[in-house]
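The values are calculated or read from the model by the stated rules, or taken from the named source; none is laboratory data. Worth saying up front: this structure is predicted, and the values here are computed from it rather than measured. Please note: Cβ atoms are built from the backbone with ideal geometry, for glycine as well, and neighbour counts cover all protein chains shown. All accessible areas refer to the heavy atoms of the entire protein, side chains included, with ligands and DNA or RNA removed. Shrake-Rupley method; radii C 1.70, N 1.55, O 1.52, S 1.80 Å.
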Amino acid sequence: MDHFCGRKVCASAAQKQQRKRRAKSADLSAKCEKYQYISNYNHHRVTDASELEATLAQNDADCSDLFLPISEQTDLDSDEHFLPLEIFDDRDFEPFDAETSDGWRQTEAFAILPPNTHWRRVLVLNHDPRTNVWEVMDKDNTTVHRIARLHLYFPFEDPERFAKRIATAIEARKTAENTIRFRFMCKYVYFGDDFGPGQALERSMLRRTSQEVYNIFKALYEQYHIALAVGKHLGRSHCPITIRQPNMADWTMAVRYTPPARCPEPINFSDLHDRFKRSTLFCDRNVIHALRLVSQECEVVRKLPLFIVSTGQPIPLGEFEKQNVTQTTITVKYLRNAWVERTTMHLHRCLSRIGAGNFHIAVSKWEIYAMLKLKRLIEQVQYRMQDALKDLLLEATAAYVHNLVNDCPAILAVDDGYSWDGNLIESPFEPGRTAVFYLTLEMGPLAPFYSTDPDTFPVVLRKIMDDIVADCHFIHTIEPSLMQSLTFAGDLFLSSLGLLDVAIVKQRNALLDYYTKALLPLRAYAARYEAYRELFFTNEKEFIEQIKAADKSSSEIKEDIALQIRMRENLEHTVPLSIVIGPFWINVRPLREALIRKRSELTFALLKMLTEKLQLKTADVIGCYGAINERMCEKPLSIEHIHDIRAYMEGVPELVGRLEDRMRGILYEYEILDGFLYNLPDADFQQKWNALANPRAVLKQMVSVREFHESEVDRFRKQQFADESAFTASIEDTNAYISKFTMLYDPTKVSEMSVEVRRLWKVLQELIDHGHVMNRRQELFEMAPISLNNLYELRHNFGAFRELWTVAADYLKLEESWIGNPLASVDLDAVRRGLQQTHDSLKDLLAPFREQPQLVVVVEHFIHVVEAFRPNLDIMELLKCPHLEAIHWSQLAKETGVKGKLSADVGFDVFLEHGFRDHLETVRSVVLKAEQQRAEQEERAQEEERIRQQEADYRRIRAERRQKRTEI
């Protein structure tokens, strides 16, 4: 039995190798199943948290298993988990590489945030590749959480594989926890020597191996068989313990074995001295001299300046970067060339004196070189050079950070929500040493800004430091240049401090923390100048236009001017020329001067606007005085004009008094300008005093005008006598001409008579109007009025004669238009009204002309003309029938013997020429026939429409029946 067990243990190694090969091939196929390709990061496979929870439930991925229980202690025999699920996460399921891909940044995803057990929407912010921890922000309350990858689901990944990933991790944790419990149980179960190797197996093993190997084998043997026994017991159905036996194929346990102590042997000092001489490097003084020279060169390197650490005064970031790049370029060039060359030269000169042997620099075989002390010496030199390089970096970076972090403890105490609450002159962030960087505060359209973007300071300062650290990794070793008989690789460089070295990281973090904190008060200080942005970009013209649109009074404008002056003085006392905030010296002078200049410009613009306003008011007053003078000094054209001017002059003193009152108010407004010590332009000053002198000049002018009017009255009285004589002669001439004209009775000259009648009527009306003017002047001259009764009687007698010839001429023009225009455009109702009105007007004229038989004959003649046109109305009404078509017009032309083409577009004179008045019945019959045909056509159209509607209804009903049969 023991021999069989031994063979079983020995054969397990071969079986284990075979299982490893099978597991490797299985892992490759499993990776293929876990892989998923993401082509579009914007495609969402899951849009709701409930869908994701349903998918997880279908794949046996319980969300409650993602967190550890709250209990402080976990029992051995329980189902509570004590291992975090994150350590069992299978990275093969990851659909993308978070370090090389940016598609996941600022993406909405689903996450479980403790202590909740439901998926919620979050915004992915950052990722720590070292711990695989993701930083997310809750969409509901903007709280930032750090969670594991299994607690975060991206909508673009496959939900089935994500659920399988969680289920796989849960199953792996169950296996691990069961194995730990099982091993813990086996460790504390005591069986004595019942499961140890038998005596036969013990003797067989001791013959082949030592006691130490056998003790290790015995420990493994006992542990393995104890595990089998415990697993067999736990596999029984009545066992109340929930722990089960794990897979024994991968059962391995570390065995601690302590070999027995050996007795110390006596030391041979002679042999030890000989071995020390053979192993030490310092067996020749040339070697010691060479190492001393190497140490000197390393000391020189330690004192090299890598950075510009003192500028004496603040400089812009760009200039600082330029100076440091220049300095680091010079230093790195020395390290890469001069340092390596000088060190090689010292070693070559010293070692060449030794010649062949352990320090033979001309050796050409690697096997020999590897056994020589020369190789160890070169390694020692490289270690010293690396130490010097590291010391240089440590001291240079420390000095670099010390120069930039200029002792301002208040900076480090600033939190993220800092706001600048104090005044703008005193800085609570005064550093212990001089500020490093120079900034100019400027004003932009959107917000105040600095000449250098503050966000670039941490980036640029870190880049300067990291670049020199990286450049120090490319300094060649001295081995290729010293051992020229051997061939070396081209990328042999000295080891230096890395970017993740603890000292470098500490210095970098100190620098970044200081400048990240320093940016907070820097931005807060610039934000305080947001209040001045509107003033900075105020347009002077638009500002003045707004003041003008508000139509402010002079007192209000005075208050605005005083406000601008107070605000300018406030700027001078509240805005500094410069201020220091931590490492930054900020030049505020340009912005301060621009703001003060803007206030001064607005003040001057308001004063100028007030001056223009007063200039307009003063010019209006002067214009009123000028209008008074112009009105008084008008040259009179008649006696009426003189009386109008005199009436106006009676109110001039009152007008002058009102203008003087206005000017006194304007003078008060001029005192506002004097209060601000504003000098008026010469033209405005002259205008002001001209307005004050105008009242006296106007009153003096009134006296001169009155004297001039006395002489003009005599001249117009003489003119009145001459006009009266001419007016009497005109009346007599007109009366004689009308008496002669009324003796004409020829009806054929209607047009000439109507024109002459209208002219005479206009002459009579003008004589009457002129008579009224003459009588008004007679009244002004205090003379007797002129009688106009004969003119009124003449106009009354001539009225009937004028009515006769104008009515007759108007009718003839209407009749000509009715006959000559196209028949379709003639309005029969207007024709009837025109005939009736003309007939009534002529009938009314028979009574006035009873005593003049010749005129009665003329009136009756025109009445007969009107009555003669009335029969044409019937045939015109038939011919305008809308139902007549081309065939009917052809029939009319054929039956009446007309050879031309007839239509409604032909004038009625054409129908009269062809005697249509004699074919009234023929026209009536054709019209009746046309109306009957139109009625028949309408009936046929209605019948056709009815038939079409019936057919459409039939087709619709048939389609509905077919649809019902298809559905059935």
| said: Can you tell me which of (1) at pLDDT 85 or above; (2) assigned to a loop (DSSP other than H, G, I, E, B); (3) of a type in the set (Phe, Trp, Tyr) is the one residue 134 doesn't meet? | reply: (2)
| request: Go through the range 828-856 and count every residue that is among the charged types (D, E, K, R) and either open to solvent by less than 80 Å² (accessible area, probe 1.4 Å) or touching a strand residue (DSSP E or B) at 6+ places or on another chain (Cβ under 9 Å) (or both). | output: 1
| field | Positions within the range 678-692 being open to solvent by 60 Å² or more (accessible area, probe 1.4 Å) and either over 60 Å from the mean Cα position of the chain (by Cα) or under 27 Å from residue 650 (Cα atoms) (or both), in sequence order | value | 689, 690, 692
| said: Among the residues in the range 378-388, are any free of Cβ contacts under 8 Å to residues at least 40 places away in the same chain and either in the same structural domain as residue 479 (by the TED database) or in contact with a His (Cβ under 6 Å, 6 or more places away or on another chain) (or both)? | reply: yes
| query | Considering only residues of the range 545-577 that are polar (S, T, N, Q) and surrounded by fewer than 17 Cβ atoms within 10 Å (Cβ to Cβ), which is nearest to residue 435 (Cα to Cα)? | reply | 574
| said: Among the residues of the range 445-462, are any exposed (fewer than 13 other Cβ atoms within 10 Å of the Cβ), assigned to a helix (DSSP H, G or I) and free of Cβ contacts under 8 Å to residues at least 60 places away in the same chain? | reply: yes
| query | For the range 328-372, how many residues are in a loop (DSSP other than H, G, I, E, B) and either farther than 29 Å from residue 288 by Cβ or open to solvent by 50 Å² or more (accessible area, probe 1.4 Å) (or both)? | reply | 7
| message | Restricting to the range 701-720, name every residue that is under 18 Å from residue 653 (Cβ atoms) and of a type in the set (Lys, Arg). | response | 706
| note | Picked from the range 605-643 (must be among the polar types (S, T, N, Q) and either outside any loop (DSSP other than H, G, I, E, B) or within 54 Å of the chain's Cα centre (by Cα) (or both)), the residue nearest to residue 543 (Cα to Cα) is 611
| request: Consider only pairs whose beta carbons are under 8 Å apart and that are at least six residues apart or on different chains; among these, list those whose first residue lies in the range 842-855 and is touching a residue at least 60 places away in the same chain (Cβ under 8 Å) and whose second residue is hydroxyl-bearing (Ser, Thr, Tyr) and open to solvent by 10 Å² or more (accessible area, probe 1.4 Å). | output: 854/745; 855/745
| request: Kindly check whether there is at least one residue in the range 673-691 that is part of a helix (DSSP H, G or I), acidic (Asp, Glu) and free of Cβ contacts under 8 Å to residues at least 40 places away in the same chain. | output: yes
| message | Could you tell me how many of the residues in the range 299-327 are open to solvent by 20 Å² or more (accessible area, probe 1.4 Å) and either part of a helix (DSSP H, G or I) or among the acidic types (Asp, Glu) (or both)? | response | 11
| query | What about residue 430, is it in a loop (DSSP other than H, G, I, E, B), open to solvent by 70 Å² or more (accessible area, probe 1.4 Å) and among the acidic types (Asp, Glu)? | reply | yes
| query | Can you tell me how many residues in the range 463-483 are farther than 18 Å from residue 386 by Cβ, under 46 Å from the mean Cα position of the chain (by Cα) and open to solvent by less than 10 Å² (accessible area, probe 1.4 Å)? | reply | 1
| Test for residue 201: is it open to solvent by less than 20 Å² (accessible area, probe 1.4 Å), out of contact with any Lys or Arg (no Cβ under 8 Å at 6 or more places or on another chain) and not in a strand (DSSP E or B) | yes
| message | Going residue by residue through the range 94-111, is there one that turns out to be assigned to a strand (DSSP E or B) and under 26 Å from residue 176 (Cβ atoms)? | response | yes
| Given the residues 592, 599, 662, which is the only one that is open to solvent by 60 Å² or more (accessible area, probe 1.4 Å) and either assigned to a helix (DSSP H, G or I) or modelled with pLDDT of 85 or more (or both)? | 662
| request: Among the residues of the range 735-770, write down those that are open to solvent by less than 70 Å² (accessible area, probe 1.4 Å), modelled with pLDDT of 70 or more and hydroxyl-bearing (Ser, Thr, Tyr). | output: 754
| note | Given (1) at pLDDT 90 or above; (2) among the small types (Gly, Ala, Ser); (3) assigned to a loop (DSSP other than H, G, I, E, B), residue 417 misses just (1)
| message | Pull out all pairs, ordered by first then second residue, where Cβ-Cβ is under 8 Å, the residues are six or more apart or on different chains, the first lies in the range 496-507 and is touching a residue at least 24 places away in the same chain (Cβ under 8 Å) and among the aliphatic types (A, V, I, L, M), and the second is part of a loop (DSSP other than H, G, I, E, B) and open to solvent by less than 40 Å² (accessible area, probe 1.4 Å). | response | 497/472; 503/497; 504/497; 504/498
| Could you give every pair whose Cβ atoms fall below 7 Å, whose first residue belongs to the range 402-428 and is in contact (Cβ under 8 Å) with a residue 60 or more places away in the chain and under 20 Å from residue 457 (Cα atoms), and whose second residue is exposed (fewer than 13 other Cβ atoms within 10 Å of the Cβ) and of a type in the set (Gly, Ala, Ser), counting only separations of at least 6 or pairs across chains? | 403/310; 406/432; 408/432
